[in-house]
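Heads up: the structure comes next, in structure tokens.
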Amino acid sequence: MLYKFKSPAAGNLIMLEPNGRQILHFLGKDDPASLTKGIVLPQHMPAAITALQAAIAQDEAEWQQCIEQARAQGEPPPRPPSVTLRQRALPFIDMLQRCHQADKEIVWGV
């Protein structure tokens, strides 16, 4: 399954299901109904941006902690993921910013 996030203020953003579900989880939209279709209203976009930025910061801090633990144990640092949360979330954050500025909603599953 694919997630296709749409808005008249930005180009469509398409994500694979696990990645789209992860983004929706950070936005607090992980109930079964919101996973199939939903909307982010302009007034909720600043909080959504903040939530995604906090998730990115936490993800990067956890990754850094894994590296430091490996070094402390004399092991080689783990290989980084091929695509980070930051790389996956930044296009959605950009979409949120554009839509908020244009006062347009983002929808998916419709």
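The table below gives the values:
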item	result
Contacts under 9 angstrom Cβ, first residue in segment 59-74 being touching a residue at least 24 places away in the same chain (Cβ under 8 Å), partner of a type in the set (Lys, Arg) and open to solvent by 80 Å² or more (accessible area, probe 1.4 Å), 6 or more apart	Asp59/Arg86; Glu60/Arg86
Matching residues in segment 7-23 - criterion: being in contact with a strand residue (DSSP E or B) (Cβ under 9 Å, 6 or more places away or on another chain), farther than 16 Å from Ala48 by Cα and open to solvent by 50 Å² or more (accessible area, probe 1.4 Å)	Asn12, Ile14, Leu16, Glu17
Near pairs, Cβ below 6 angstrom, 6+ apart or cross-chain, from segment 84-110 (touching a residue at least 60 places away in the same chain (Cβ under 8 Å)) to any residue that is hydroxyl-bearing (Ser, Thr, Tyr) and not in a strand (DSSP E or B)	Gly109/Thr36
Checklist (1) assigned to a strand (DSSP E or B); (2) in contact with a helix residue (DSSP H, G or I) (Cβ under 6 Å, 6 or more places away or on another chain); (3) not small (Gly, Ala, Ser) applied to Pro77, failing item	(1)
Failed item in (1) out of contact with any Phe, Trp or Tyr (no Cβ under 6 Å at 6 or more places or on another chain); (2) open to solvent by less than 30 Å² (accessible area, probe 1.4 Å), with Val83 passing the rest	(2)
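The values are calculated or read from the model by the stated rules, or taken from the named source; none is laboratory data. Being a predicted model, the structure only gives us computed values, none of them experimental. Methodologically, a virtual Cβ is constructed for each residue, glycine included, from the backbone with ideal geometry; neighbour enumeration extends over all protein chains shown. Just the protein is used for accessible areas: all its heavy atoms, side chains included, with ligands, DNA and RNA removed. Shrake-Rupley method; radii C 1.70, N 1.55, O 1.52, S 1.80 Å.
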